[in-house]
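**Student:** I'd like to ask some things about the structure below.
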Amino acid sequence: MQNLIARMARRVRGREWLPAALWAAAILIVSSIPDPDFGAGLFPGCDKVAHFIEYSILGGLIGLWALGLSRAKQRAPRGGWLLAAAILFGGLDELHQRFIPGRSMEFWDFMADATGSVTGFLVWSRWLLRRALP
């Protein structure tokens, strides 16, 4: 238990989590805006593209956090849990939007969130692993 606490303290001290946490906070702030009109009607499904992009950025930041720029090989198993947390965050964000006036909870928005998270995570993780491994 003491080892776990020491590792968590090092993680917080390193602030590797900060970009992902700030981006998640930005997602929550934007999804809390009642009745938004962010380019509605540009093309069919444009909101799904926006969900995919914002969550691919989150997934990429999660990948950076999980793997870091060094010792990527040792940190790889942590990435699965963090990726699952990003997907869960997308689901909770959709649930949160159900209670915001003018917003709705949609399954396909969640699917765009999850797909974006996985895509961003895989792209950054693959790039980092290729840099770190000989």
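**Student:** In terms of solvent-accessible area of protein heavy atoms at a 1.4 angstrom probe, what is the ranking of F110, F43, highest value first?
**Tutor:** Largest to smallest exposure gives the sequence F43, F110.
**Student:** Taking a 1.4 Å probe, which of I33, I62 shows the most accessible area, and what order do the others take after it?
**Tutor:** Result of the area sort, largest leading: I33, I62.
**Student:** Counting only protein chains, not ligands or nucleic acids, how are W81, W127, W23, W65 ordered by accessible area (probe 1.4 Å), most first?
**Tutor:** The most accessible residue leads, giving W81, W127, W23, W65.
**Student:** Counting only the heavy atoms of the protein chains, how much of I87 is accessible to a 1.4 Å probe, in Å² to the nearest 10?
**Tutor:** 50 Å²
**Student:** What's the extension gain from W81 to L122 if we count 0.36 nm per residue and subtract their Cα-Cα distance?
**Tutor:** Between W81 and L122, full extension yields 13.4 nm more.
The values are calculated or read from the model by the stated rules, or taken from the named source; none is laboratory data. As the structure is a prediction and not an experimental result, all values here were calculated from the model. For accessibility, only protein heavy atoms count, side chains too; no ligands or nucleic acids. Shrake-Rupley method; radii C 1.70, N 1.55, O 1.52, S 1.80 Å.
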